[in-house]
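Bear in mind that the values in this text are calculations on the coordinates, not laboratory data. Computed from a predicted model, the values in this text were never measured in an experiment. Reconstructed Cβ throughout: ideal geometry from the backbone, glycine too, with neighbour counts over all protein chains shown.
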């Protein structure tokens, strides 16, 4: 099973992934957690380039680098784990490419982005996607004490477009479960578990 978490920074993805991993492990499941970009030696090298605030990257190059990191992760870690009957939880997947590069960077050729996403994911789609939805204001308030990487320095208008992208994706695909991430941590976790009980 492939479970993905999406949302802008500060939405609580890392916290909820850790809670879910612990809950599923306690239930006897074998759980693998990976972040995007990252999760393999190659993907982590690409991550370093993508998030480096001192590097100026063309939007198309950015999209292809994210996709390259994803392809390596899926081939090296995700598919082998799923083939063994294990659960994989991803902190971001190709929906982030659509939202951040397609909408945020305004690369609006959705057909091409979809083709690249399918190629980079080796045709593997998530079984369920949790969209942890928060406002831009909440995101800023939750992350204003943190140092900013290159992506996080993209500005408010960029992130407004990213949110619009996630909103549109979540309206178009049944696998998306929209979670109000402004709620407290335990309420968010309970809502996630309610959705998952129908699948696991």
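At-a-glance table
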{"read-out": "Test: residue 88 is under 24 Å from residue 173 (Cα atoms) and outside any loop (DSSP other than H, G, I, E, B)", "value": "yes"}
{"read-out": "Test: residue in region 126-135 that is more than 26 Å from residue 190 (Cα to Cα) and either crowded, with 18+ Cβ neighbours inside 10 Å or free of Cβ contacts under 8 Å to residues at least 24 places away in the same chain (or both)", "value": "no"}
{"read-out": "Which listed residue is part of a loop (DSSP other than H, G, I, E, B) and either touching a helix residue (DSSP H, G or I) at 6+ places or on another chain (Cβ under 9 Å) or over 16 Å from residue 3 (Cα atoms) (or both), from 108, 166, 158, 130", "value": "108"}
{"read-out": "Some residue of region 60-75 being more than 18 Å from the chain's Cα centre (by Cα), part of a helix (DSSP H, G or I) and surrounded by fewer than 20 Cβ atoms within 10 Å (Cβ to Cβ)", "value": "yes"}
{"read-out": "Out of 37, 53, sole residue that is in contact with a helix residue (DSSP H, G or I) (Cβ under 7 Å, 6 or more places away or on another chain), closer than 27 Å to residue 135 by Cβ and surrounded by fewer than 17 Cβ atoms within 10 Å (Cβ to Cβ)", "value": "53"}
{"read-out": "Matching entry among 152, 191 (being under 29 Å from residue 76 (Cβ atoms) and surrounded by 15 or more Cβ atoms within 10 Å (Cβ to Cβ))", "value": "152"}
{"read-out": "Residue list for region 105-125, filter: within 28 Å of residue 198 (Cα to Cα), exposed (fewer than 12 other Cβ atoms within 10 Å of the Cβ) and in contact (Cβ under 8 Å) with a residue 24 or more places away in the chain", "value": "none"}
{"read-out": "Single match in 178, 200 (criterion: more than 16 Å from the chain's Cα centre (by Cα), within 30 Å of residue 29 (Cβ to Cβ) and not in a helix (DSSP H, G or I))", "value": "200"}
